[in-house]
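All of the numbers you see were taken from the coordinates with simple rules; none came from a lab. Nothing here was measured: the structure is a model prediction, and the numbers come from that model. Methodologically, a virtual Cβ is constructed for each residue, glycine included, from the backbone with ideal geometry; neighbour enumeration extends over all protein chains shown.
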Amino acid sequence: MITCATWGRRSLFQREPWAKLLIDALYHYRSSAFLLHEFVVMPDHIHVLLTPKTSLEKAVQFIKGGFSFRAKKELGSNMEIWQKGFSDHRIRDVADYLHHVSYIRENPVRKRLCERAEEYRYSSAFPGTELDMVPQGLKPVELQKLSGAAEAAPFQSNTSQALQSNFVESGPDRGKPAGKAEAKPLQSNSGKIAS
């Protein structure tokens, strides 16, 4: 997950044309520079959960630089838009991924910009938003405990299938958490259910 703030924490994205242009920039570079899993455009910063196709720095450069170029051209802005740098968090496992999905989606609710996450128009929680599927190879916490190996990715294909089952597979909510549905138990290659 990356977080980028506006210069001086100005509320630039509180204005609809700015927020819409930033979302358009995200989708413009989606697939070519990164896979887009979740995002939220807050008034003075953005959170994006992505998988870079080259490097994380290049992905951020496309987002920030691409938006700045278009803001100058399309919105007539000559001001400094972004703070230098960005903060990032590498997703460790399924639990960490789900925690950050929730954090991103609930950010506008915590800041009282809306009552429910899906009401906020500048977020991947908004109905009809297209997202890329959950990253493959995330390790469920249960399998890490069973295998005792923190660095290996045991049962990767089963892990990916089980993780995908926790997300909506088609329709406008494709790639989003399946809600309050109970997760299917994970099975190892030996057929034993992970607890």
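A few remarks follow.
- For segment 1-17, the set of residues classified as within 14 Å of GLY65 (Cα to Cα) and crowded, with 18+ Cβ neighbours inside 10 Å consists of CYS4, THR6, listed by residue number.
- Segment 96-116: number of residues that are among the hydrophobic types (A, V, I, L, M, F, W, C) and more than 14 Å from the chain's Cα centre (by Cα): 3
- Test: residue in segment 71-84 that is surrounded by fewer than 14 Cβ atoms within 10 Å (Cβ to Cβ) and within 16 Å of VAL41 (Cα to Cα): no
- The listed residue being within 17 Å of the chain's Cα centre (by Cα), aliphatic (A, V, I, L, M) and assigned to a strand (DSSP E or B), out of LEU36, LEU26: LEU36
- Within segment 72-90, residues that are of a type outside the set (S, T, N, Q) sit with their Cβ atoms under 7 Å from residues that are assigned to a loop (DSSP other than H, G, I, E, B), at 6+ positions apart or across chains, in these pairs: LYS72/ASN78; ASP88/MET1; HIS89/MET1.
- Reported count of residues in segment 118-129, each being under 14 Å from the mean Cα position of the chain (by Cα) and not polar (S, T, N, Q), is 3.
- Selection within segment 54-93 - touching a Pro at 6+ places or on another chain (Cβ under 9 Å), under 12 Å from ALA33 (Cβ atoms) and not β-branched (Val, Ile, Thr): LYS58, ALA59
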